[in-house]
């Protein structure tokens, strides 16, 4: 992928550094460039609208998609490592098997999103909305989920070890067989959550 030059002299370069990932199309590259310009000056550029966009296996590592609309986007097995998705709309998005390690998803809207087997190791999900999301077997080790809404989320077999869940909403969350070892659950609401066979060894703040 060639480097994209913005009018204000800012450069972005989303090079396909991983052979298993697809390079970005010129159209998507232009959308991302316009979005960066919009972020720096709201009177210029254009906010990224990628709703219902088909982006499987795409390399968006380190991309800045703050506030972007990715509702119902198909991001299966996408590389979003270190991406900035702060306050992004990812409702009903397909992020199954996606690499979201160390991604910034603070205040992101992920209601109903599919994150089966997604790798979110070290990601930031402060106050994110993950209600009704499918996180079956997702890797959430060490994730910052303070104040996040995980109500009715499917977290079966998910790895939440060392996760920060302080003040999180886990009402009716399905945590069967989940690994919550050493997680911080201080102030979390686990009302009607399913915890059969969950590992709560050394969990902090578990109310029961």
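A short reminder: the numbers here are calculations on the coordinates, not readings from a lab. On a predicted model such as this, the values are computed, not experimentally measured, just so you know. Cβ atoms come from the backbone with ideal geometry, glycine included; neighbour counts cover every protein chain shown.
Values for this structure:
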| quantity | calculated |
| --- | --- |
| Coordinate range along principal axes, alpha carbons of the chain, Å, largest first | 57, 35, 25 |
| Gaussian network model of the chain, Cα within-10 Å springs - most flexible of 147, 187, 112 | 187 |
| From the C-alpha gyration tensor of segment 97-152, square roots of 5λ in Å | 15, 14, 9 |
| Mean Cα-pair separation over length for the chain, i.e. relative contact order, pairs under 8 Å, 6 or more apart, % | 10 |
| Nearest-ten-degree value, helix 26-40 long axis tilted from longest Cα axis of the chain | 80 |
| Residues in segment 87-104 reached by a label modelled at residue 54 [backbone nitrogen below 18 Å; 7 Å Cα→Cβ] | 93-96 |
| Segment 27-67-segment 160-208 distance, computed between alpha-carbon centres (Å) | 35 |
| Choice from 51, 77, 174 with maximal GNM fluctuation in the chain (Cα, 10 Å cutoff) | 51 |
| Fully extended contour minus Cα-Cα distance, from residue 46 to residue 201, at 0.36 nm per residue | 51.0 nm |
| Among 85, 55, 160: highest mean-square fluctuation, GNM of the chain, C-alpha pairs under 10 Å | 55 |
